[in-house]
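The next block holds one structure in the form of structure tokens; read it before the comments.
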Amino acid sequence: QIYSNKILAVVREYTTNAVDAHKDIGKPNLPISVNLPTRFNPHFTVRDFGDGLSHDDVCNIYVRYCKSTKRQSNAFTGQLGIGCKSGFAYGDSFTVTSYHKGVKTTYVAQIDETSQGKIIKMDETKSKEKSGIEIKIAVAEEDIYSFNSEALKLFKYFKVKPKLTGNDQPIKEFKKTLEGDDWYIVEQEQSHYGYSRSSNRAVAIMGNIGYPIDADVIKNLDEHEESVLEHGELHIQFDIGELSIAPSREALEYTRKTQATIKAKAKSVIKDLQKVAS
């Protein structure tokens, strides 16, 4: 129940987990593979090429809440141990395949009749495929468009774009009109009718996720800082851990530290813009 947008949660959690798997092996620039659902193959699939997981790790991590391999590091996005279960927000089951030390093991994670999560080992064979984890989720026909739409919007913020199959549309790149060390301004997006679509909320980008900034809840902003943070085409980059986020990862949590960090970045952007103007 923590996710308000179930489909986006599934796409976001499994793809950012896959990106983390590549960071874990020191290959942050290696693209993950994502298959978007179609009528002929109605499955959303995410594949990383990390180390994979042992049988014990799969059983613990995919069923036990608050169990995670990343809790001791700020370098990774998914530290709460919730995201890997996000498939249960969409349906009662999903498939996990681990390629680990030359063995391919397939599991079904499911919610049983008592509403408890469990994972069932279905198959184990020797394999020459690259190590890693593959998550596969069956998608209802009426949700195919939503999965594609949410994925393409999300992936615009990914520093390393996933390799996509199942969809002919490319991942759009933001067109930058001006940029500094940790911020940039993009062109306004055009609607289908040719009108410019603008937002009054700058975007904080952290861990490949874009979070609209609500300037109204940040205390002690001066008029220049408020004006900058109400510029919808301004994207400000933050390191993982600089800002607090809700457990669902759907929005920022405006703790004192988060407010202070955003205010400091706004000041920095203003100084950079003044230099450009001069």
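Observations, loosely collected:
- Failed item, numbered, when ALA260 is tested on (1) among the aliphatic types (A, V, I, L, M); (2) under 18 Å from TYR184 (Cβ atoms); (3) open to solvent by less than 70 Å² (accessible area, probe 1.4 Å): (2)
- The residues on offer are ILE218, ILE205, and the sole one that is modelled with pLDDT of 95 or more and within 21 Å of ASP181 (Cβ to Cβ) is ILE205.
- Among the residues of region 242-257, the ones that are open to solvent by 30 Å² or more (accessible area, probe 1.4 Å), under 18 Å from GLU230 (Cβ atoms) and hydrophobic (A, V, I, L, M, F, W, C) come to 1 in all.
- Some residue of region 209-219 being open to solvent by 40 Å² or more (accessible area, probe 1.4 Å), within 24 Å of the chain's Cα centre (by Cα), under 21 Å from GLU13 (Cα atoms) and not hydroxyl-bearing (Ser, Thr, Tyr): yes
- Per the listing ILE120, ILE144, the residue uniquely modelled with pLDDT of 95 or more and β-branched (Val, Ile, Thr) is ILE144.
- Unmet criterion (only one of (1) closer than 30 Å to ILE2 by Cα; (2) touching a Phe, Trp or Tyr at 6+ places or on another chain (Cβ under 8 Å); (3) of a type outside the set (D, E, K, R)) for TYR184: (1)
- Qualifying positions in region 263-276 - basic (Lys, Arg) and surrounded by fewer than 16 Cβ atoms within 10 Å (Cβ to Cβ): LYS267, LYS271, LYS275
- Cβ-Cβ under 9 Å pairs, at least 6 apart or on other chains, region 137-156 side over 26 Å from ILE205 (Cβ atoms), far side loosely packed, with under 14 Cβ neighbours inside 10 Å: GLU141/ARG39; ILE144/ARG39
- Residues of region 224-278 that turn out to be under 15 Å from GLU179 (Cβ atoms), touching a helix residue (DSSP H, G or I) at 6+ places or on another chain (Cβ under 8 Å) and among the basic types (Lys, Arg), as a count: 0
- Residues (among the small types (Gly, Ala, Ser) and open to solvent by less than 60 Å² (accessible area, probe 1.4 Å)) located in region 220-241: GLY232, GLY241
- For region 24-42, the count of residues that are buried (at least 17 other Cβ atoms within 10 Å of the Cβ), of a type outside the set (Ser, Thr, Tyr) and in a helix (DSSP H, G or I) is at least one.
The values are calculated or read from the model by the stated rules, or taken from the named source; none is laboratory data. Quantities reported herein were computed from a predicted structural model and do not represent experimental measurements. Reconstructed Cβ throughout: ideal geometry from the backbone, glycine too, with neighbour counts over all protein chains shown. The area values use the complete protein model at the heavy-atom level, side chains included, leaving out ligands, DNA and RNA. Shrake-Rupley method; radii C 1.70, N 1.55, O 1.52, S 1.80 Å.
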